[in-house]
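Structure record follows, encoded as structure tokens.
What follows draws every value from the coordinates through simple rules; no lab data is involved. None of the values given here were measured: they were computed from a predicted structure. Please note: Cβ atoms are built from the backbone with ideal geometry, for glycine as well, and neighbour counts cover all protein chains shown.
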Amino acid sequence: MSCETQTAVALRGAGQKVTPQRMLILSTVRHSARHMTAAEILEDVRRSYPYVDASTVYRTLASARELSLVNELNMGSGDNEFEWAGADRHHHLVCRSCGSTSSLDNS
């Protein structure tokens, strides 16, 4: 099953509509190699879908957080960041000097 199909199944299972905007927002988070702020997600999504509204991004992220699809993180940089929740929980290390983050596996 593709990751987009898994996302659509999770949304439908929670009684939410599967819209192109929602799928693009969640796909952006899921396939990002780094944590992203809502503003960065909006900027990325607008490259493909220029008419998406900021409120759509915020509402989608909030509902995805409630469904445990994404994690919302306060990494101390000011804006909260988002990452795909995935199957494995992990912790983060934040460098006090440069602010870079590293994920730690729970193994």
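Taking H as built 1.01 Å from N, whose amide H comes closer than 5 Å to the amide H of ALA85, not counting residues under 5 places away?
Excluding prolines and chain starts, which carry no amide H, the hits are VAL70, ASN71.
Which distance in nm do the two modelled labels at THR19 and ALA62 give, with both placed 7 Å along the Cα-to-Cβ direction?
Spacing of the two 7 Å Cα→Cβ label points: 1.4 nm.
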